[in-house]
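Trainee: Okay, here's the structure, questions in a sec.
The values are calculated or read from the model by the stated rules, or taken from the named source; none is laboratory data. Computed from a predicted model, the values in this text were never measured in an experiment. For neighbour counting, all protein chains shown are included, and Cβ atoms are generated from backbone atoms with ideal geometry for every residue, glycine included.
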Amino acid sequence: MHPTNRSAMNTDYQQIINQIAQEVAPLTHQGAVADYIPALAAVKPGRFAMAVKLADGREFTTGEALAPFSIQSISKLLTLTLFIQKQGLELGDRVGVEPSGNPFNSLVQLEYEGGKPRNPFINAGALVVTDGVMSHYGDAKSLILQTARKLSSNPALDYDQAVAASEKQTGFRNAALANFMKSYGNILNPVEEVLDTYFHQCSLAMSCTDLARMFFFLANEGVDQRGEVVTSPRETKRINALMMTCGTYDAVGDFAFRVGIPAKSGVGGGIVAVIPRQMSIAVWSPTLNQQGNSVAGSRALDLFTTYTRCSVF
């Protein structure tokens, strides 16, 4: 009997993800690592990990699920959560909530729209959110790290300083985005400080197990794995909606069509996804497609929703 014919309670998730790991193994060498960040260029292809955390507390892993990697743009989900905790759901005139349809680091659209980023998950929008977190909380770097440690229940998490330094050395496009928005009054703190915080948040080194635990609250109506409220159900719904419409760069339509669940990717090769009221999922494989999403990771999530018949549709 195929596992999709069983009830969710009796689904053999371990068998399913082990099977997925075998199926996507040939894809772990397709695509390319994010070589525009020198520290990421050194990551070897051929690696894969997957972690699933169910609403009932059970966890399943396969591959290198405890191996840390640079979460990159997945960190935008964490800073957006911190921003919403202070700002509320209305992001105001500073950042929109629409898909961009352009690459995540595009300058063209930002100029056309007067320094207001389309959404919080493209780089320009994430810089505005980071700036907002700095304004609301002060020492944002410490807060981001401590929040990641708390939500993942991993006190050993830390920034990868080599990655942060590498991004700073080559982050000219991000500097251009921040300075351009500063000219429109949409960056309130000193640009160099915003960039430093942003490069550090992207350098967070986490494993798939860490990520599935950290963002479990998005699958659990805002309540984390410790039973503490992180966001309200309404805020959680909105964050998940933004992931569905903006979370995988300019491939969101194809990703929704094939996978069918909210997700946020990063150029470190990680993707975190949620099925509301059911589970959080994290995958990692460092080689990327042209849109900056993990080739094997995207396919793994496609297979997972197919085999389990779990999606939001």
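Trainee: It is to be established whether one or more residues within the stretch 228-242 are in a loop (DSSP other than H, G, I, E, B) and without any contact (Cβ under 8 Å) to a residue 12 or more places away in the chain. If you could, list the steps in order and put the result at the bottom.
Mentor: Of the residues in the stretch 228-242, the ones in a loop (DSSP other than H, G, I, E, B) are 228, 230-232.
Restricting the remaining residues to those that are without any contact (Cβ under 8 Å) to a residue 12 or more places away in the chain gives 228, 232.
Within the stretch 228-242 (the criterion being in a loop (DSSP other than H, G, I, E, B) and without any contact (Cβ under 8 Å) to a residue 12 or more places away in the chain), the answer is yes, since at least one residue qualifies.
Trainee: Can I ask one more? Those residues that are crowded, with 17+ Cβ neighbours inside 10 Å and either in a loop (DSSP other than H, G, I, E, B) or polar (S, T, N, Q) (or both), I need them from the stretch 292-310; list them, please.
Mentor: Selection gives Gly292, Asn293, Ser294, Ser298, Thr305, Thr308, Cys310.
Trainee: As an exercise: evaluate Glu193 against (1) in a helix (DSSP H, G or I); (2) touching a helix residue (DSSP H, G or I) at 6+ places or on another chain (Cβ under 6 Å) and give the number of the one condition it does not meet.
Mentor: (2)
Trainee: Can you pull out every residue in the stretch 151-164 that is without any contact (Cβ under 8 Å) to a residue 40 or more places away in the chain and more than 15 Å from Leu66 (Cα to Cα)?
Mentor: Step one: filter the stretch 151-164 for residues without any contact (Cβ under 8 Å) to a residue 40 or more places away in the chain, giving 155-156, 164.
Of everything in the stretch 151-164, just one residue is without any contact (Cβ under 8 Å) to a residue 40 or more places away in the chain and more than 15 Å from Leu66 (Cα to Cα), namely Ala164.
Trainee: Among the residues of the stretch 65-94, write down those that are part of a loop (DSSP other than H, G, I, E, B), touching a strand residue (DSSP E or B) at 6+ places or on another chain (Cβ under 8 Å) and surrounded by 17 or more Cβ atoms within 10 Å (Cβ to Cβ).
Mentor: Ala65, Pro68, Ile71 - these are the residues of the stretch 65-94 that are part of a loop (DSSP other than H, G, I, E, B), touching a strand residue (DSSP E or B) at 6+ places or on another chain (Cβ under 8 Å) and surrounded by 17 or more Cβ atoms within 10 Å (Cβ to Cβ).
Trainee: Name the residues in the stretch 215-250 that are hydroxyl-bearing (Ser, Thr, Tyr), surrounded by fewer than 22 Cβ atoms within 10 Å (Cβ to Cβ) and touching a Pro at 6+ places or on another chain (Cβ under 9 Å), would you?
Mentor: Within the stretch 215-250, Thr245 is the sole residue that qualifies.
Trainee: Identify, please: which residue in the stretch 26-64 is part of a loop (DSSP other than H, G, I, E, B) and either basic (Lys, Arg) or under 16 Å from the mean Cα position of the chain (by Cα) (or both) and is, among those, farthest from Ala205 (Cα to Cα)? Outline the logic, then answer.
Mentor: The initial filter retains those residues of the stretch 26-64 that are part of a loop (DSSP other than H, G, I, E, B), namely 30-31, 33-37, 42-48, 55-58, 64.
If we keep only those that are either basic (Lys, Arg) or under 16 Å from the mean Cα position of the chain (by Cα) (or both) as well, we get 34, 44, 47, 58.
Details: Ala34: 16, Lys44: 16, Arg47: 16, Arg58: 24 Å.
Per the criteria, the residue is Arg58.
Trainee: Determine if the stretch 119-134 includes at least one residue that is surrounded by fewer than 18 Cβ atoms within 10 Å (Cβ to Cβ) and at negative phi.
Mentor: Going residue by residue through the stretch 119-134, those that are surrounded by fewer than 18 Cβ atoms within 10 Å (Cβ to Cβ) are none.
No, the stretch 119-134 has no match at all.
Trainee: From the list Ala156, Ala148, Ala165, which residue is in a helix (DSSP H, G or I), more than 19 Å from Ala126 (Cβ to Cβ) and among the hydrophobic types (A, V, I, L, M, F, W, C)? If you could, list the steps in order and put the result at the bottom.
Mentor: Values: Ala156 fails: in a helix (DSSP H, G or I); Ala148 fails: more than 19 Å from Ala126 (Cβ to Cβ).
None of the other options fit; the residue is Ala165.
Trainee: Then there's this: Hey, can you tell me all the residues within the stretch 136-145 that are assigned to a helix (DSSP H, G or I) and not hydrophobic (A, V, I, L, M, F, W, C)?
Mentor: Answer for the stretch 136-145, where residues must be assigned to a helix (DSSP H, G or I) and not hydrophobic (A, V, I, L, M, F, W, C): His136, Tyr137, Lys141, Ser142.
Trainee: Residues that are outside any loop (DSSP other than H, G, I, E, B) and more than 13 Å from Phe216 (Cβ to Cβ): does the stretch 273-281 have at least one? Walk me through it before giving the result.
Mentor: Narrowing the stretch 273-281 to residues outside any loop (DSSP other than H, G, I, E, B): 273-275, 279-281.
If we keep only those that are more than 13 Å from Phe216 (Cβ to Cβ) as well, we get none.
The answer is no, given that none of the residues of the stretch 273-281 is outside any loop (DSSP other than H, G, I, E, B) and more than 13 Å from Phe216 (Cβ to Cβ).
Trainee: Kindly check whether there is at least one residue in the stretch 115-135 that is modelled with pLDDT under 95, hydrophobic (A, V, I, L, M, F, W, C), over 19 Å from the mean Cα position of the chain (by Cα) and not in a loop (DSSP other than H, G, I, E, B).
Mentor: Looking for residues that are modelled with pLDDT under 95, hydrophobic (A, V, I, L, M, F, W, C), over 19 Å from the mean Cα position of the chain (by Cα) and not in a loop (DSSP other than H, G, I, E, B), one finds none in the stretch 115-135, hence no.
Trainee: Here is a follow-up. For the stretch 251-282: of the residues being surrounded by fewer than 21 Cβ atoms within 10 Å (Cβ to Cβ) and of a type in the set (D, E, K, R), which is nearest to Glu59 (Cα to Cα)?
Mentor: Checked the stretch 251-282; the qualifying residue nearest to Glu59 (Cα to Cα) is Arg277.
Trainee: Still on this structure, please answer the following. Name the residues in the stretch 95-117 that are over 18 Å from Gly292 (Cα atoms), touching a residue at least 40 places away in the same chain (Cβ under 8 Å), surrounded by fewer than 22 Cβ atoms within 10 Å (Cβ to Cβ) and not acidic (Asp, Glu), would you?
Mentor: Val97, Gly114, Gly115, Lys116
Trainee: Take the residues in the stretch 257-292 that are modelled with pLDDT of 95 or more and among the polar types (S, T, N, Q), then tell me which one is farthest from Thr11 (Cα to Cα).
Mentor: Thr287
Trainee: Keeping to the stretch 27-42, report how many residues are surrounded by fewer than 18 Cβ atoms within 10 Å (Cβ to Cβ) and closer than 22 Å to Thr170 by Cα. Give the derivation first.
Mentor: Of the stretch 27-42, the ones surrounded by fewer than 18 Cβ atoms within 10 Å (Cβ to Cβ) are 29-30, 32, 35-36, 38, 41-42.
Checking the rest, the ones that are also closer than 22 Å to Thr170 by Cα come to 32, 35-36, 38, 41-42.
The number of residues fulfilling the criteria is 6.
Trainee: Also: Which of (1) aliphatic (A, V, I, L, M); (2) in a helix (DSSP H, G or I); (3) surrounded by fewer than 22 Cβ atoms within 10 Å (Cβ to Cβ) is the odd one out, the single condition Ala212 does not satisfy?
Mentor: Looking at each condition in turn, Ala212 falls short on (3).
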